[in-house]
Amino acid sequence: MSALSRPSFDDFPATFRGQLYRQSDLGYPDVRAIFNARMAHWTPGLIARAADADDVVTVVRYAADAGIPLAVKSGGHGVDGSAMPDGALVLDLSNLKEIRVDTDTGRVRLGSGVLLGEMDPALAERGLVVPAGTVSTTGVAGLTLGGGVGYNMRRYGATVDNLLACEVVTADGRKVRASHEENPDLFWALRGGGGNFGVVTHFEFQARPLPETVFAGFIPFTLDQAPAVMTGLRSYMRTAPRELAVIGAMTQCPPLPPVPADMHGANSLMLIVVYTGAPEGAEKILADLAGLGEAAVVAVMPTPWPVANRMLDVIAPQGRRAYTKGAYLAELTDEVVAIAMKHAEVAPPRTNPPAPSSVQNFWAMGGAISEDADESSAAFSREGAQWFWEVATQCDDAADDEKFMTWADRLHADLAPHFLANCYINLTTDMGPEWRKGAWGSPEKYRKLVDAKTRWDPANMFRFNKNIEPGTAAG
Ligand SMILES: Cc1cc2nc3c(=O)[nH]c(=O)nc-3n(C[C@H](O)[C@H](O)[C@H](O)COP(=O)(O)OP(=O)(O)OC[C@H]3O[C@@H](n4cnc5c(N)ncnc54)[C@H](O)[C@@H]3O)c2cc1C
């Protein structure tokens, strides 16, 4: 992301009712902070923290009149740091915190500043869930606009599969609704196309039932068991109940009390497990999973859902130098597991114990996310994907970046022949214009996205994202 020429923003409209932050302001460092510290040196020119949707209109119209691009920040977890680009005008939606639940219909209205850890408890007390991601500090907004995957995707689909409507401020400063009935082309594009098409101020979801208590935790194995365990998991997940979520994580074993001390810090395979089905089914499922190898321990227990859905917070603290690449796999072949394991064995050592510094996650898909929604139903692509793979590294010292990023890049390159061309855009670094053309699936889908971009944001005001340029679909 190139630095912008630095306008002074002195003519910013006085009608704006939220808070403004310039680099010289006391609160600026806190407001500027995002998840990924690799971009901590970027200094946006002006951060406008909106009080409401009218403020959003004010900022968008100002940017349109001035002919400058506009960055949008909700939860600040975007891996490319596109919420806070250097020199840019940033529209910060963190204060749009509305959470309204209609208990009769399960319809949920959320402001764009709501984080997963704020949404989950508000719904759980009513026995409801909107399927979303696995770390509580992630923003509902950015996650939804990219697609949204998590522990409930096999049971209830991607987050976008449960989206009913969006309230959007368009690039020309109009407030519009997007749903299956209103502006359906915009609604289609918003469900997976990222922040390309306008500023979403509010989302409406259809929530689904979920027990207050679920089974959650992990089952660690020594890394040498990975070929046998992952092969077994591949077969098991084909017929497993949709209520079972498993992520196979090759990582340094955290020093958690139930894990034997000799495994602490060692490269290992952790099965991260969440089961939301009938409690009487849990014992057999956990025994089956532990029986895929010689598990060190079975640390999976009844857990309130909002607690289960933040168990990974501890390994994803805000403010480390993060790097992520992801891809879909049609199958978890023996060769894929062998390549992954070879690289896991030489993963750079932890720089900041106890948090792991590198992880390869294999997310089991299948069930609702793969089978219930058609590939053409939304911009979000899932065609052919049975597993989502990602590598994520974290360190604290800029001098360590190269070591971690080179390790992740080499691993990604070795696995590349096994990847599908389509991808989940949220859990990966942007890999450039050619990659983007295939990330949403077929050429027809990309053309449809370009058409929507050309119609709704012809000047590419919203370009700080996995960018779809207006009028570039030909070919
Ligand atoms: C630790 C961690 C864990 C994660 N876990 C998961 C997971 O389990 N499942 C999953 O699916 N994803 C996960 N993600 C990826 C996550 O979905 C994306 O990073 C997402 O972009 C975060 O949204 P945000 O609102 O927090 O980020 P932001 O950085 O605020 O937004 C990212 C981009 O989205 C766009 N955007 C944001 N809000 C709006 C809006 N209201 N209107 C228009 N455009 C907008 C902008 O282009 C912005 O640059 C994780 C990321 C991290 C860092």
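The values are calculated or read from the model by the stated rules, or taken from the named source; none is laboratory data. As the structure is a computational prediction, the values presented were derived from the model and not from experiment. Cβ atoms come from the backbone with ideal geometry, glycine included; neighbour counts cover every protein chain shown. Ligands, DNA and RNA are excluded from the accessible area calculation, which covers all protein heavy atoms including side chains. Shrake-Rupley method; radii C 1.70, N 1.55, O 1.52, S 1.80 Å.
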Tabulate in residue order the Karplus-calculated ³J(HN,Hα) for segment 258-268, using 6.51 cos²θ - 1.76 cosθ + 1.60 with θ = phi - 60°, rounded to whole Hz; enter x for Gly and Pro. x, 8, x, 4, 5, 8, 4, x, 6, 4, 8
Would you mind calculating the gained length between Glu371 and Leu164 on full extension (0.36 nm times residue separation, minus the Cα-Cα distance), in nm to one decimal? 72.6 nm
Taking the Cβ of Asn361 as the center, what net charge do the other residues with Cβ under 14 Å away carry, scoring Lys and Arg +1 and Asp and Glu -1? 0
Using a Förster distance of 51 angstrom, determine the FRET efficiency expected from the C-beta separation of Asp451 and Met301, and round it to 0.05. 0.55
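In nm, what is the difference between 0.36 nm times the number of residues separating Ser442 and Ala66 and their Cα-Cα distance?
Details: separation 376, 0.36 × 376 = 135.36 nm, distance 3.58 nm.
The span from Ser442 to Ala66 would gain 131.8 nm if fully extended.
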7 Å from Cα along Cα→Cβ at both Ala228 and Leu256: what's the point-to-point distance in nm? 2.3
Residue by residue, what Karplus-based ³J(HN,Hα) values in Hz, rounded to whole numbers, does segment 421-436 have, using 6.51, -1.76 and 1.60 with θ = phi - 60° and x for Gly and Pro? 6, 6, 7, 8, 5, 7, 9, 7, 4, 5, 10, x, x, 5, 4, 4
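Might you tell me the accessible area per residue for segment 213-427, computed with a 1.4 Å probe and given in Å²? Please report the intermediate quantities before stating the final value.
Values: 8260 Å² over 215 residues.
Per residue, segment 213-427 has an accessible area of 38 Å².
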Potential lengthening between Glu335 and Val314 on full extension [0.36 nm per residue; Cα-Cα distance subtracted]: 4.4 nm
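Counting only helical runs of four or more DSSP H residues, what would the 222 nm mean residue ellipticity of the chain come to if each run contributes -39,500 (n - 2.57) and the total is spread over all its residues?
On the way: 14 runs with 125 residues, N = 475.
Computed mean residue ellipticity for the chain: -7500 deg cm²/dmol.
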Note to self: with every protein chain in place and a 1.4 Å probe, segment 99-209 gives an accessible area per residue in Å² of 29
Can you pull out the GluC sites (Glu not before Pro) in segment 165-260 whose DSSP state is coil and whose Cβ has at most 14 other Cβ atoms within 10 Å? Glu181, Glu182, Glu212
Check the straight Cα-Cα distances from Lys97 and name the lysines below 18 Å, setting aside those fewer than 8 residues away within the same chain. Lys73
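For the chain, what does the convex hull of the Cα positions come to per residue, in cubic angstrom?
Details: hull volume 64.8 nm³, N = 475.
Convex hull of Cα atoms, per residue: 137 Å³.
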How much of the accessible area of the chain, in percent, comes from carbon and sulfur atoms when a 1.4 Å probe is used? 53
Total lysine pairs whose alpha carbons fall under 14 Å of each other in segment 392-475 (8 or more apart, or interchain): 6
What angle do you read, to the nearest 10 degrees and between 0 and 90, between the alpha-carbon axis of helix 443-456 and the longest principal axis of the chain? 30
